[in-house]
Amino acid sequence: MSVCGLGGSVDSLRQRTESTDPLTQAGAPVQCTLQGTPRVSAFSKDGDFVIGGIFSIHYQLYTVIYNYTTKPEPPRCTGSLNSRVLRFLRTMIFAIEQINNSSQLLPGVSLGYQIYDSCIAVPVAAHVAFQLSNGQDPVFLQGGNCSQSGVVAAVGDSGSTPSISISRIFRSFSIPLVSPFATCACLSDKQQHPTFFRTIPSDQFQADALAKLVKHFGWTWIGAVRSDSDYGNYGMASFLDAALREGICVEYSEAFYRTDPPSKIQKVADVIRRHRSTAVVVVAFAASGDMKVLLEELARDPPPARQWIGSEGWVTDPHLMSFGFCAGAIGVAIQQAVIPGLRNFLLDLSPSDVAASSVLTEFWEEAFNCSLTENADLSKRVCDGTEDIRRLENPYTETSQLRASNMVYKAVYAIAHAIHNAVCEERNAIIQCDKHVSLEPKQVYTELKKVNFSQNGYHVSFDVNGDPMAFYELVNWQKSESGVLEPVTVGFYDASLPVGQQFRINGNLTWVEGDTQKRKVPVSVCSESCPPGTRKVLQKGKPICCYDCVPCPEGEISNMTNAPDCFLCPREFWPNAEKNYCFPKPVEFLSFDEVLSIILAVLSVGGAFLAIITGMLFFHHRTTPIVRANNSELSFLLLFSLTLCFLCSLTFIGAPSEWSCMLRHTAFGITFVLCISCVLGKTIVVLMAFKATLPGSNAMKWFGPPQQRMTVVSITLIQVIICIIWLVVSPPFPVKNLSTYKEKIILECALGSAVGFWAVLGYIGLLAVFCFVLAVLARKLPDNFNEAKMITFSMLIFCAVWITFIPAYVSSPGKFTVAVEIFAILASSFGLILCIFAPKCFIILFQPEKNTKKYLMNKK
């Protein structure tokens, strides 16, 4: 940053006065004089070594429009006096007086001071810096470079921006500046500010603490305002970086300064008001004077309900506690301290002391609204001596929470210890100091880098950047029993602790609505948290904190809040209805306890009983013509095979296993071939029987009972061989079908070799077609009871069933595939037994008169 307004400060620069005297030209000492009028200090005291002090006693700069016809006046301060800052500079005086009375620190050496008012303005601060660098003597002799000793070190300023200007001026003279207030992280740059030190932590630590504070309460959508100064701009930049790392988004970020036009302040206030329904939390990285201007503007209209998060620059300022709508504000503050004797020193102001100082006079008149000089201000009464400062309620007298005052106290002691180390030494346990030594500021600067001491229990040291270790208290604005806002310590932030333990909250907090921590924390998010079972999808053109919650796709879950993505369940698991948990997929198969299985099992057992009862009936009437005429041996074998066909369907019900998978397909294939081979044998017998009735035919001789048995055995043996090859090469096996249904597992029998399965079915189909063709050829043979007609109908049903089975089998899902197969087995089995045996049983039982050889042999 460039130093502004140096024109007013140039008047104080030293200038060599050249002499025309021959003696001077011959080598006589050069006479040096100060140009311009020296600046008047607010407080001063002579001493062996002088310490400078720069404080913003006033908050406004007196501005003058120059017409360039007269010499410009030095910049000066105006406006009301800041009694809180007055306490700070009086703390500096108290510390110096305490050191001067000490027998351990700088014994026999007196410290003096020169304290100036900078009104937190760069032009004034720069002018003061040159004033402290020059010294007080208007005319002096110091060799040929016009360099005279001013102060050995300085304390100040009250803000970062003026401190930057002072530090850049002081570095040319190696004068150390120890600031109790300037927190800008930029001042840690030793290339730019080599002689700068501070007792207050850098804003880098404060920014991290504020970001962790915001994150702790789950606030991810915030507003931000800052002072348009080095303190606010650098501090907010550090905070935004830390907030980004914590996943916090900023809805708006506005900068302002106390001297901005009212329209600019109103615009910032309107931005805060306008976002009523979104960012409830507002982080303010601002100086106290700037914050006062903004809060005054917000108080004009009904102030918005905002949860304020404050930086140390304003969150403990008692002047701001009057804004009741800021109740519940939370922020970081400098650690509280106890300085013994300070309160009595502050209150020990006699009328003569007040009258001797223009600053104290101004303070006294403003505090008690009276005038110490008669007729000075007719609007005020004359102070009559009854004014008691001990009864005054004012930031100057408020010493219950000493924070920044302790930073001033430590800064003075740090400089004193540096001077002590430079001019004192211990001999025989006695400390001896040389107050006549020519102490250069550079020596103090060197010793300041090495100071390491404790004062009143507070440790003081500086790292390589001139910064102390950061420790903050977390304060919360809470109303006392009397209804007055006051900062209450509710936690701390200690940067020296390990990560994860630095941030602690110990007390109950009051929120903007007046709730406590035991109740509801204010919510400040752009989008509500996405519950488990959903994932975040960023809204186009908005920050990452603004998103939509999209349900997880089918088969995927998210088991955490604000999940960035969903993930698939393991193959054998499936999401629950809320899609936040994977549970094992239900295993499905055609079990015996299902209604469909029970029906099929009843039909299967019923069909087997029907075949057995038919066999028993035929056996009982085995001597009757209708039984004997239809090849009773093949009929009994057919009924036996039908019984097996009915029963083999039971192997398809229940959980598949290795044995059941192999058994169900091979048993089905062999029993059906046995069944059809019997039907085929009966069909051939019918054809041969009618062919044998022709003259000269001996067909039955070639297809008698032995040949019939061999035919059935041979045909069945082929199927047995096919099944054996199938089982040896690639047998059926149980498998978990995860593809048919995504949400459940189908436990079924894999075919193993599809060629083997279709070979078994194809062989059955080939026999059925062949049998059907033969039956069709024999259906019109002349006879009262031609069995070929019944075989034709049975084969027609059989073929129809198995032709429709193929597409039904392929398209049926899950356990219904097995049900279709069972149904096909039962339907074809019932078709055979009903078409072939039902008419015969009907004649045997209900038409015994037709069960005669004469009737059977009678031609139509």
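The values are calculated or read from the model by the stated rules, or taken from the named source; none is laboratory data. Note that the coordinates shown come from a computational prediction; the quantities given were computed from them, not determined experimentally. Please note: Cβ atoms are built from the backbone with ideal geometry, for glycine as well, and neighbour counts cover all protein chains shown.
Just to be sure I understand the filter: pairs with C-beta atoms under 7 Å, separated by 6 or more residues or on different chains, first member in region 150-175 and basic (Lys, Arg), second member not in a helix (DSSP H, G or I). Which pairs pass?
From residues that are basic (Lys, Arg), the pairs are Arg168/Val3; Arg171/His193; Arg171/Pro194; Arg171/Thr195.
Return the residues of region 588-600 that are surrounded by fewer than 18 Cβ atoms within 10 Å (Cβ to Cβ) and aliphatic (A, V, I, L, M); say none if nothing qualifies.
Of everything in region 588-600, those that are surrounded by fewer than 18 Cβ atoms within 10 Å (Cβ to Cβ) and aliphatic (A, V, I, L, M) turn out to be Val595, Leu596, Ile598, Ile599.
From the list Leu596, Leu603, pick out the single residue that is over 60 Å from the mean Cα position of the chain (by Cα), under 30 Å from Leu834 (Cβ atoms) and modelled with pLDDT of 85 or more.
Working: Leu596 fails: over 60 Å from the mean Cα position of the chain (by Cα).
From the options Leu596, Leu603, the qualifying one is Leu603.
Scan region 400-418 and tell me whether some residue there is of a type in the set (Gly, Ala, Ser), under 60 Å from the mean Cα position of the chain (by Cα), part of a loop (DSSP other than H, G, I, E, B) and within 27 Å of Asp157 (Cα to Cα).
Pass one, region 400-418, residues of a type in the set (Gly, Ala, Ser): 400, 404-405, 411, 414, 416, 418.
Then keep just the ones that are under 60 Å from the mean Cα position of the chain (by Cα); that gives 400, 404-405, 411, 414, 416, 418.
Checking the rest, the ones that are also part of a loop (DSSP other than H, G, I, E, B) come to 400.
Within this subset, residues satisfying the condition of being within 27 Å of Asp157 (Cα to Cα) are 400.
Checked region 400-418: at least one residue is of a type in the set (Gly, Ala, Ser), under 60 Å from the mean Cα position of the chain (by Cα), part of a loop (DSSP other than H, G, I, E, B) and within 27 Å of Asp157 (Cα to Cα).
Does region 471-507 hold any residues that are under 17 Å from Glu398 (Cβ atoms) and in contact with an Asp or Glu (Cβ under 6 Å, 6 or more places away or on another chain), and which are they? It would help to see each step written out before you state the result.
Applying the first criterion (under 17 Å from Glu398 (Cβ atoms)) to region 471-507 yields 473, 475, 477-478, 480, 482, 484-489.
The answer is Ser480, Thr489.
For (1) out of contact with any Leu (no Cβ under 8 Å at 6 or more places or on another chain); (2) modelled with pLDDT of 75 or more, each residue gets a yes or a no:
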| residue | (1), (2) |
| --- | --- |
| Met700 | yes, no |
| Gly704 | yes, no |
| Ser714 | yes, yes |
| Ile721 | yes, yes |
| Lys736 | no, yes |
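Just the residues that are basic (Lys, Arg) and buried (at least 24 other Cβ atoms within 10 Å of the Cβ), please, taken from region 294-332.
Pass one, region 294-332, residues basic (Lys, Arg): 300, 306.
Arg306, the sole residue that qualifies.
Just to be sure before I move on: is Phe589 touching a strand residue (DSSP E or B) at 6+ places or on another chain (Cβ under 7 Å) and modelled with pLDDT under 90 in the structure I sent?
Numbers: touching a strand residue (DSSP E or B) at 6+ places or on another chain (Cβ under 7 Å): yes; modelled with pLDDT under 90: yes.
So Phe589 passes the test.
Take the residues in region 735-749 that are assigned to a loop (DSSP other than H, G, I, E, B) and in contact (Cβ under 8 Å) with a residue 40 or more places away in the chain; name whichever of them is farthest from Cys582 (Cα to Cα). Break it down stepwise before answering.
Taking region 735-749 and keeping what is assigned to a loop (DSSP other than H, G, I, E, B), we get 738-744.
Add one more test, that the residue is in contact (Cβ under 8 Å) with a residue 40 or more places away in the chain, and what stays is 738, 740-744.
Details: Leu738: 15, Thr740: 19, Tyr741: 16, Lys742: 13, Glu743: 11, Lys744: 12 Å.
The extreme case among them is Thr740.
Here's a check for you: in region 228-253, which residue that is modelled with pLDDT of 90 or more and charged (D, E, K, R) is surrounded by the fewest Cβ atoms within 10 Å (Cβ to Cβ)?
The qualifying residue surrounded by the fewest Cβ atoms within 10 Å (Cβ to Cβ) is Arg245.
Going residue by residue through region 252-272, is there one that turns out to be outside any strand (DSSP E or B) and closer than 23 Å to Leu213 by Cα? Don't jump to the end; show me each part of the working.
Taking region 252-272 first, the residues outside any strand (DSSP E or B) are 257-272.
Checking the rest, the ones that are also closer than 23 Å to Leu213 by Cα come to 272.
Taking every residue of region 252-272 in turn, at least one turns out to be outside any strand (DSSP E or B) and closer than 23 Å to Leu213 by Cα.
Give the residue that is farthest from Val423 (Cα to Cα), with candidates limited to residues of region 36-55 that are β-branched (Val, Ile, Thr) and either in a strand (DSSP E or B) or under 54 Å from the mean Cα position of the chain (by Cα) (or both). Give the derivation first.
Restricting attention to region 36-55, the residues satisfying the condition of being β-branched (Val, Ile, Thr) are 37, 40, 50-51, 54.
With the extra rule that they be either in a strand (DSSP E or B) or under 54 Å from the mean Cα position of the chain (by Cα) (or both), the set shrinks to 50-51, 54.
Values: Val50: 14, Ile51: 15, Ile54: 25 Å.
My answer is Ile54.
Look at Thr643 and say whether it is assigned to a loop (DSSP other than H, G, I, E, B) and more than 60 Å from the chain's Cα centre (by Cα).
On the way: assigned to a loop (DSSP other than H, G, I, E, B): no; more than 60 Å from the chain's Cα centre (by Cα): yes.
So Thr643 does not fit the description; no.
Specify which of the listed residues (Phe837, Phe793, Phe846) is surrounded by fewer than 13 Cβ atoms within 10 Å (Cβ to Cβ) and over 27 Å from Cys749 (Cα atoms). It would help to see each step written out before you state the result.
Values: Phe837 fails: surrounded by fewer than 13 Cβ atoms within 10 Å (Cβ to Cβ); Phe793 fails: surrounded by fewer than 13 Cβ atoms within 10 Å (Cβ to Cβ).
After ruling out the rest, the residue left standing is Phe846.
In region 457-475, how many are touching a helix residue (DSSP H, G or I) at 6+ places or on another chain (Cβ under 8 Å) and in a loop (DSSP other than H, G, I, E, B)?
Quick first cut of region 457-475, residues touching a helix residue (DSSP H, G or I) at 6+ places or on another chain (Cβ under 8 Å) only: 458, 460, 462, 465-467, 470, 472, 474.
Those still in the list that are in a loop (DSSP other than H, G, I, E, B) too: 462, 465-467, 470.
Total meeting the criteria: 5.
Consider Lys579 carefully, then state whether it is on the phi > 0 side of the Ramachandran plot and either out of contact with any Pro (no Cβ under 9 Å at 6 or more places or on another chain) or assigned to a loop (DSSP other than H, G, I, E, B) (or both). It would help to see each step written out before you state the result.
On the way: on the phi > 0 side of the Ramachandran plot: yes; either out of contact with any Pro (no Cβ under 9 Å at 6 or more places or on another chain) or assigned to a loop (DSSP other than H, G, I, E, B) (or both): yes.
In short, yes.
Report whether or not Ile415 is of a type in the set (A, V, I, L, M, F, W, C), surrounded by fewer than 18 Cβ atoms within 10 Å (Cβ to Cβ) and within 13 Å of Leu106 (Cα to Cα). I'd like the intermediate steps shown before the answer.
On the way: of a type in the set (A, V, I, L, M, F, W, C): yes; surrounded by fewer than 18 Cβ atoms within 10 Å (Cβ to Cβ): no; within 13 Å of Leu106 (Cα to Cα): yes.
It is false that Ile415 is of a type in the set (A, V, I, L, M, F, W, C), surrounded by fewer than 18 Cβ atoms within 10 Å (Cβ to Cβ) and within 13 Å of Leu106 (Cα to Cα).
Given the criteria among the polar types (S, T, N, Q) and surrounded by fewer than 18 Cβ atoms within 10 Å (Cβ to Cβ), does Gln478 qualify? Talk me through it step by step, then tell me what you get.
Numbers: among the polar types (S, T, N, Q): yes; surrounded by fewer than 18 Cβ atoms within 10 Å (Cβ to Cβ): no.
When the stated conditions are applied, Gln478 does not pass them.
Filtering region 725-748 down to residues that are surrounded by 15 or more Cβ atoms within 10 Å (Cβ to Cβ) and among the aromatic types (Phe, Trp, Tyr), which residue is nearest to Val818 (Cα to Cα)?
Going through the qualifying residues, I end up with Tyr741.
For region 270-293, how many residues meet the condition of being crowded, with 23+ Cβ neighbours inside 10 Å and more than 30 Å from the chain's Cα centre (by Cα)?
So the count comes out to 5.
Here is a check on your reading of the model: is Gly313 assigned by TED's automatic domain parsing to the domain that holds Ser227 and in a loop (DSSP other than H, G, I, E, B)?
Working: assigned by TED's automatic domain parsing to the domain that holds Ser227: yes; in a loop (DSSP other than H, G, I, E, B): yes.
Judged against the criteria, Gly313 is a match.
Looking at region 422-441, I want the residues that are touching a residue at least 60 places away in the same chain (Cβ under 8 Å) and have a partner that is among the aliphatic types (A, V, I, L, M) and in a strand (DSSP E or B) with Cβ atoms under 7 Å, at least 6 apart or on another chain. Which pairs are those?
Pairs found: Cys424/Ile431; Pro441/Ala153.
Do we have Pro351 as out of contact with any strand residue (DSSP E or B) (no Cβ under 6 Å at 6 or more places or on another chain), at pLDDT below 90 and within 24 Å of Phe88 (Cα to Cα) here? Break it down stepwise before answering.
Details: out of contact with any strand residue (DSSP E or B) (no Cβ under 6 Å at 6 or more places or on another chain): yes; at pLDDT below 90: yes; within 24 Å of Phe88 (Cα to Cα): yes.
Taking the combined requirement at face value, the residue satisfies it.
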